[in-house]
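Throughout, read-outs are computed from the coordinates displayed, never taken from laboratory work. Because the structure is a prediction, the values reported are computed rather than measured. Methodologically, a virtual Cβ is constructed for each residue, glycine included, from the backbone with ideal geometry; neighbour enumeration extends over all protein chains shown.
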Amino acid sequence: MADYKDWYAKNRDRILADKKKKYKEDQAYRDRILNASKGRYVQKDVPKDRKVIVTSAGEYYSISRVAEIIKREIQTVRNYHKALVIPEPLAFDTRGWRLYNKHQVDLLADTFAKFDSGELKSLAEVADILQHDWQKNVKEEAKIGKRRKTKSNTEGSDGGGDIYGSRQC
């Protein structure tokens, strides 16, 4: 191995000059090098916006996207969950991360906009509104879920094979 290192150290400039010359003159070599380098720098099959997940059940938003929408830090949203200001969402991904549906995001945005404008005076008022409207959403989701199960059973499918688990709080 030491012999190779010594040989390369002596011949490095010549080798690099040969590669540069070949790259400059040989179109096929240049295309092959460029195509090989693209694979190292481009992530394949990664959605550009990983904060919004679209499934057959609808759109789901990550906690980071929700935090952006309600103009809070991600950790603040987590703290609101711990303090029971924001109820737990209905859906979680395979890692256990919270996923919020469109109705929940709209509800959070409207409620926190009222809080920021001064219409709501305390987080307790925010919690009351969210808990009440969240429960209405839970009931609506349950009805939709029953209809999907009934429809999929009559069609003979296994329920769609959605990768996102649902868990109710």
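Once you order the gyration tensor axes a ≥ b ≥ c over the Cα atoms, which shape class does the stretch 2-41 get: rounded for a/c under 1.5, otherwise prolate or oblate by comparing a/b with b/c?
oblate
By count of other Cβ within 10 Å, fewest leading, how are THR94, THR76 ordered?
So the residues, fewest neighbours to most, are THR94, THR76.
Per-residue HN-Hα couplings for the stretch 75-80, Karplus 6.51 cos²θ - 1.76 cosθ + 1.60 at θ = phi - 60°, whole Hz, x for Gly and Pro?
Per residue, the Karplus-derived 3J(HN,Hα) values read 5, 5, 5, 4, 5, 4 Hz.
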